[in-house]
1. Given charges of +1 on the Cβ of Lys and Arg and -1 on the Cβ of Asp and Glu, with all other atoms neutral, how large is the dipole of chain C about its Cα centre, in debye to the nearest 20?
2. Kindly count the pairs of lysines across chain C whose alpha carbons are less than 29 Å apart, treating pairs on different chains or eight or more residues apart as eligible.
3. Hey, in the GNM for chain A with a 10 angstrom Cα cutoff, which one of A:Met190, A:Met27, A:Met70 fluctuates hardest?
4. Which whole-angstrom value gives the distance between the alpha carbon centres of the stretch B:97-143 and the stretch A:164-189?
5. Rounded to the nearest 0.05, what FRET efficiency do B:Asn186 and B:Ala130 have when you use their Cβ-Cβ distance and R0 = 56 Å?
6. Find which of A:Leu105, A:Gly291, A:Val42 sits farthest along the positive direction of the dipole of chain A, computed with +1 on the beta-carbon of Lys and Arg, -1 on that of Asp and Glu, about the Cα centre.
7. Using modelled backbone amide H atoms (1.01 Å from N, in-plane), which distant-in-sequence or interchain residues come within less than 5 Å of B:Leu208's amide H?
8. Read phi for every residue in the stretch B:106-115 and hand back ³J(HN,Hα) as whole Hz from Karplus 6.51 cos²θ - 1.76 cosθ + 1.60, θ = phi - 60°, with x for Gly and Pro.
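Read-outs: derived from the displayed coordinates by stated rules, not from any lab. As the structure is a prediction and not an experimental result, all values here were calculated from the model. Positions of Cβ are generated from backbone atoms using ideal geometry, with glycine treated the same way; all protein chains shown enter the neighbour counts.
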Amino acid sequence: METFIQQVINGLVLGSVYSLIALGYTMVYGILNLINFAHGDVLMVGALTALSTILVLKAHFPDAPGWLLMLCGLATAIPVCVVVSLVIERVAYRPLRNAPRLAPLITAIGVSIILQTLAMLIWGRNYMQFPQLLPGEPIHILGATITVTKLAIVVLSALIMVALMLLVNRTRLGRAMRATAENPRVAGLMGVNPNYVIAVTFAIGASLAAVAGVMIAANYAVAHFYMGFMPGLKAFTAAVLGGIGNIPGAMVGGLLLGLIESLGAGYIGQLTGGVLGSHYQDVFAFIVLCGVLILRPQGLLGERVADRA
Amino acid sequence: MSTTPLLRVAGVNKRFGGLQALSDVGIEIERGQIYGLIGPNGAGKTTFFNVITGLYSPDSGSFELDGKPYSPSEPHRVAAAGIARTFQNIRLFPEMTALENVMVGRHVRTHSTALGAVLRTRATRREEEAIRQRAADLLAYVGVAKYADFQARTLAYGDQRRLEIARALATDPKLLALDEPAAGMNATEKLALRGLLENIRKDGVTILLIEHDVKLVMGLTDRVTVLDYGKVIAAGSPYEVQRDPAVIEAYLGGAHQNVATKDAA
Amino acid sequence: MRLFFPQWRHSKAAAIVATFVVGACLVLLPFVASEIGNAWVRALAFAALYVMLALGLNIVVGFAGLLDLGYIAFYAVGAYMYALLASPHLTNNFPALAAAFPDGFHSSIWLVIPLGAALAAFFGVVLGAPVLKLRGDYLAIVTLGFGEIIRIFLLNLNQPVNLTNGPQGITLIDPVSILGVSLARPANFFGISLPSVYLYYYLFVLLAVVSVVISIRLQESRLGRAWMAIREDEVAAKAMGINTRNVKLLAFALGATFGGVAGAMFSAFQGFISPESFTLHESIIVLAMVVLGGIGHIPGVILGAVMLAMLPEFLRATAVPVQRALFGEVVVDAEVLRMMLYGLAMVLVMLYRPKGLWPAPEHGKQRPGTAENAPSASIV
């Protein structure tokens, strides 16, 4: 039973991160019908930027409290990611808004590669250690353990998601976003500037990705140029699982995928009689992805994509 | 000489969310007829077409072609069974030449495999030649032979409509279903179209057509069904139907003017 | 030949001369390249292999319009199949097999090529069948997922039974041997000694030429027309009786066969394979070749494949010395530069020349006075 609770907790931690990233995918797809293939790499840029900031600050202020360093890291990571994301949208996606759908997908792949190589140039190819900034002693809950970092991840993610729901449902901007997501042209006729809304969408997604990137780096204590690929792909799976374009769907999908992955990895040995081990963990996400797309492509909560007729 | 109708469709219902697009619609077409399907815009004519040709799946209905029941579940199976269609908005293959468009129509009646193509077997080469020849003949039959090597999208509107008919004929259909073939045509073109359709009927293909042009419908069709709001409100000879008060009512009363519109529902 | 330069469509003589000239160039190329450096000949051999891969992907992406991001999986299948059938791996790990085959596993090329093609086609059908109904971008992601799943399995199938030897890969793979002549040893040809690399180059060029011929024949067949029809208007294609699902599946399977055969050849050439060679990056590189060269246009695809395959060697020869001269040191590693150029190529091509560097010429005549800029049916 303790294992089960432990796996559930791990799953929630994992799932919270996936949700944050998935929101970025789902919002962009909802408005542009575009899979922002480079989203995972934005996460990576966030993590590495934060790491550089933290290392610099640590060198100059060795006694600074960990949580403060973390905040400073986030404070630099978020703007950098937003800028990167806006540049990508402007240069690589906007000119192709009316092109057949596969063109921006190919561009997105190219952008992803460019981001990775730039990261390689700036930060090198090696895995870099992300320092432990929050207290490390584990807390015991219901017979399972959780670190402060993990707890912070879950709590912060929950707060962010609540804030996002409020933004989307209760503010004027949120209304504009929802309108543009449903029908950009008509929203434009109502006085909404679609380019502005799209930029805001990308910016929000990038901010969430930056936070998620820092969370991943802090959780695994490591960061490197390729760290965005897997989380990105899995988060996309989560977005599809919940229903692409559907914001609550991304949240639900993320948490669900985290749980599936964690429980699967934990129990796969028992389930397959030792034939398959937990290094097949990544495969779970892919199997879920293929399964959802083949069996229920609209996801659990239904997809919401723009009417771009 | 069989007297079963070529096409017998009954009890078709189709709902899209809150809209009941078709209610208990049925049709019976005899072999060799030219059958018209008319009604005001939005009556459900194209929806009905889409149902019988497999593009939409109906909520209910029975379908029989040439005495044999068929399930309109997949368009390619319907084409193989013998119903070919054209589209209201013309769906040619825009960047293929006119000849190639018609050659694609032959696909369903030919069998060359990938292996045959790779090895260039004699059977494959012979079939290719036959396909090419038949396509060329069909282009001549509908009157666009001189555009054989032109990209389909560059043809004049009226020629594109005729090309679409040629492509549909290439599938050797028993029933040719035409969705507003005369839309956007001028009087001369419509006369030519009428001649073409009568030739097609003479050559053994039964025709079902959706049309708005009253003169064309009166002069060409043997029998007509009238749809309004998804229901059949009249069926009979064009003469009878034209005088049916329910039909006149549906068309907003008075003499129905020639309202050939391109963007009809 | 006449496909490449349509202006020669009516001159059979010009086409024959051109064929001879190109043929002669291909034969002499390794001799010229070896003057620059031996690595160049190896690069040429790989280029021929990539041409095969790119043409295979072109059938899927270019002819049928299906974006496959996991194409490298078929390459992996072919490579591992040959590795298992022509190396000591299975006999080392399974005593029962060692007893049954005391001389070890060795396979003739005449068996391997058809078997590789068939196995890859099988995988193509298995992977394609459930996913071909998905819309374009979803199909891309699912195929990406499949490619990764296969790579992960290859990486981990060393327990409980050691099938693939995991991350260490399989070594000591037999070289290709044709009619008793092993390509691993230099051969004597009319007094000229041809090193093993040259022999492999000629074999791969021959296979590439066969690939080109097969591609052309498929494109101009009933099946090729069906693919084009689906690309242009899938609904109309269905209405005309084309079983789009089966036709797409056929594209997937046929494209896969090219990958499978290329994979087997790669295995033999390199003598060693590991899951490292079959990553998503490789799938993307092959896609970049097709996109850069000209989606659906066979000469363009060949150009793209050759350019991107020779790029690493070219960069190593220029980027390093240029940087040393300018900066005194290598700022940007050739490897990194290569990847960056791939990425830039994909972005720039999509933005400015979506039909590729060598797109297909206008197909069919235009009626004078008609609008030239109607939206294209190409998938990009």
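1. Using Cβ point charges on Lys, Arg, Asp and Glu, chain C gives about 1080 debye.
2. Close lysine pairs under the 29 Å cut-off: 11.
3. Among A:Met190, A:Met27, A:Met70, the largest mean-square fluctuation in the Gaussian network model of chain A belongs to A:Met190.
4. Cα centres, the stretch B:97-143 to the stretch A:164-189: 52 Å.
5. So, using R0 = 56 Å, E works out to roughly 0.95.
6. My answer, from the dipole projection, is A:Leu105.
7. Counting only residues 5 or more places away or on other chains, the set is B:Tyr35, B:Leu176, B:Ala177, B:Leu178.
8. 6, 3, 6, 9, 10, 10, 3, 9, 4, 4
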